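The values are calculated or read from the model by the stated rules, or taken from the named source; none is laboratory data. Predicted model only: the values in this text are computed from it and were never measured. Glycine also receives a Cβ, built like all others from the backbone with ideal geometry; neighbour counts cover every protein chain displayed.
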Amino acid sequence: MAKETIFSKIIRRKIPADILYQDDLVTAFRDINPRAPSHILIVTNLIIPTVNNVTTEHEVALGRLFTVAAKISKQEGISEDGYRLIVNCNRHGGQEIYHLHMHLLGGRSLGPLVV
Ligand code: 5GP
């Protein structure tokens, strides 16, 4: 059993968050420190620490991240203008929470990806 994370506490409703979607595989909620008008985190319910820990067993849950991103982008009214999906991995990727998640960012022009 992986160590509990802030996100697993949100998934289990032990700490509050603005949850937009939840099913058996993923949970989506608004980022506490939004970097765009819509900034949503879509998190696997299973604690997968980083992309480096991904296996074929996770493929259905990881695919669900994309179908939920598409669904929420429509709900947010940003699908036509577009948005950015980001998954950070480890230190150089700027990962802060070691529980695999996808950032959905939109609602303004994000410009080119600057690193
Ligand atoms: P990372 O850098 O790991 O890809 O992104 C972690 C994200 O989680 C950051 O954008 C940060 O603002 C967000 N975050 C950290 N703690 C919390 C929290 O307690 N609640 C919510 N909703 N977001 C959080």
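Can you tell me how many residues within the range 1-31 are of a type in the set (Asp, Glu) and within 14 Å of the ligand (Cβ to nearest atom)? If you could, list the steps in order and put the result at the bottom.
Quick first cut of the range 1-31, residues of a type in the set (Asp, Glu) only: 4, 18, 23-24, 31.
With the extra rule that they be within 14 Å of the ligand (Cβ to nearest atom), the set shrinks to 4, 18, 31.
Matching residues across the range 1-31 total 3.
Under 18 Å from Ile72 (Cβ atoms), acidic (Asp, Glu), at pLDDT 95 or above and under 13 Å from the mean Cα position of the chain (by Cα): is that true of Asp31 in this structure?
Numbers: under 18 Å from Ile72 (Cβ atoms): yes; acidic (Asp, Glu): yes; at pLDDT 95 or above: yes; under 13 Å from the mean Cα position of the chain (by Cα): yes.
So Asp31 fits the description; yes.
Tell me the residue from Ile47, Ile42, Ile32 that is touching a residue at least 60 places away in the same chain (Cβ under 8 Å) and under 21 Å from Arg13 (Cβ atoms), please. Working first, answer last.
Values: Ile47 fails: touching a residue at least 60 places away in the same chain (Cβ under 8 Å); Ile32 fails: touching a residue at least 60 places away in the same chain (Cβ under 8 Å).
None of the other options fit; the residue is Ile42.
Could you say whether any residue in the range 53-65 is within 21 Å of Arg30 (Cβ to Cβ), at pLDDT 95 or above and among the polar types (S, T, N, Q)?
No; the residues of the range 53-65 include none that is within 21 Å of Arg30 (Cβ to Cβ), at pLDDT 95 or above and among the polar types (S, T, N, Q).
Taking only pairs six or more apart or across chains, which ones have beta-carbon atoms under 9 Å, a first residue in the range 55-66 that is over 16 Å from Asp23 (Cβ atoms) and surrounded by fewer than 16 Cβ atoms within 10 Å (Cβ to Cβ), and a second residue that is of a type in the set (Val, Ile, Thr) and at pLDDT 95 or above?
Listed by first residue and then by second, the contacts come to Thr55/Ile48.
Please enumerate the residues belonging to the range 32-43 that are near the ligand (Cβ under 8 Å from one of its atoms), among the aliphatic types (A, V, I, L, M) and closer than 13 Å to Leu85 by Cβ.
The one that is near the ligand (Cβ under 8 Å from one of its atoms), among the aliphatic types (A, V, I, L, M) and closer than 13 Å to Leu85 by Cβ: Leu41.
I'd like the full set of residues that are hydrophobic (A, V, I, L, M, F, W, C) and either within 13 Å of the ligand (Cβ to nearest atom) or within 19 Å of Ser8 (Cβ to Cβ) (or both), limited to the range 61-74. Walk me through it before giving the result.
Pass one, the range 61-74, residues hydrophobic (A, V, I, L, M, F, W, C): 61-62, 65-66, 68-70, 72.
Correct list: Ala61, Leu62, Leu65, Val68.
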